[in-house]
1. Which residue, ILE92, ILE27, ILE168, tops the fluctuation ranking in a GNM of the chain built on C-alpha contacts under 10 Å?
2. To the nearest 10 square angstrom, what accessible area does HIS82 show with a 1.4 Å probe?
3. For ARG136 and SER54, calculate 0.36 nm times their separation in residues minus their Cα-Cα distance, and state this gained length in nm to one decimal.
4. Tell me what the chain gives for mean residue ellipticity at 222 nm when only DSSP H runs of n ≥ 4 count, each as -39,500 (n - 2.57), the sum divided by the residue total, rounded to 500 deg cm²/dmol.
5. If I build a Gaussian network model for the chain, linking alpha-carbon pairs within less than 10 angstrom, which residue out of ARG24, ARG90, ARG45 has the largest mean-square fluctuation?
6. According to a simple spin-label model (label point 7 Å from Cα along Cα-to-Cβ), what is the distance in nm between THR9 and ALA110?
7. Whole number in Å², please: accessible area per residue of the chain, 1.4 Å probe, ligands, DNA and RNA not counted.
8. Per-residue HN-Hα couplings for the range 129-144, Karplus 6.51 cos²θ - 1.76 cosθ + 1.60 at θ = phi - 60°, whole Hz, x for Gly and Pro?
Amino acid sequence: QALHRRLQTADPAAAAKLHPNDVRRIIRALEVHQITGQPISSLQRQFDQSRPASQCRVFVLDWPRDQLDIHIRQRVDQMFDHGLVDEVRRLISSNPVLSNSPLSRTAGQAVGYKEVLDFLNGQRDLPTTIELVKLRTRQFAKRQLTWFRSLSECRWVPVTQPFNSETIARQICQMETPSKS
């Protein structure tokens, strides 16, 4: 309630749109106001004037599903090899406040962090944790692709191995109209 009252003073338009229990968005609106000096509601007005999909430049790199799966598995292995567990351990131990309630609600639910936090709390072993991160990352990627398919402004760029960023960049520069694969 106190945060919502502060927001009513700093940004009445945002406060009118947000429920007093929506703490995450209230805090974000207060942060934006403090950092930028502008109410978040005024910054969000740019979204009130939409543009036709044909004027938008949104590109989705469209990997074949089997190659995407390989990339995800390799990337998760790299994250653990490069110290994801130690990173999470440092985050929760470097701040006494965090050790009692690990990370923010949002960060604590992020794919990878959530599973590592559970591992550090003894809920599963490391190999199981790694496989779970791979599974949840693949599930997240699938949801993203489903969401992108619902957006008419997305332009699908088929990619395969070997990946050549210069070739893909040239292909994107030549694309004129949105299309779905």
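The values are calculated or read from the model by the stated rules, or taken from the named source; none is laboratory data. Since the model is a prediction, treat every value here as computed from it, not as a measurement. Every residue, glycine as well, gets a Cβ built from its backbone with ideal geometry; the counts of neighbours run over all protein chains shown. Each accessible area value is taken on the protein alone, full model and side chains, heavy atoms only, with ligands, DNA and RNA left out. Shrake-Rupley method; radii C 1.70, N 1.55, O 1.52, S 1.80 Å.
1. Among ILE92, ILE27, ILE168, the largest mean-square fluctuation in the Gaussian network model of the chain belongs to ILE27.
2. 150
3. Details: separation 82, 0.36 × 82 = 29.52 nm, distance 3.33 nm.
Difference between extended and current length: 26.2 nm.
4. Working: 11 runs with 111 residues, N = 181.
Result for the chain: -18000 deg cm²/dmol, rounded to the nearest 500.
5. ARG45
6. Once both label points are built, they end up 3.2 nm from each other.
7. Numbers: 12380 Å² over 181 residues.
Result: 68 Å² of accessible area for each residue.
8. Once θ is set to phi - 60°, the couplings for the range 129-144 become 4, 4, 5, 5, 4, 4, 4, 5, 5, 5, 4, 5, 4, 5, 5, 4 Hz.
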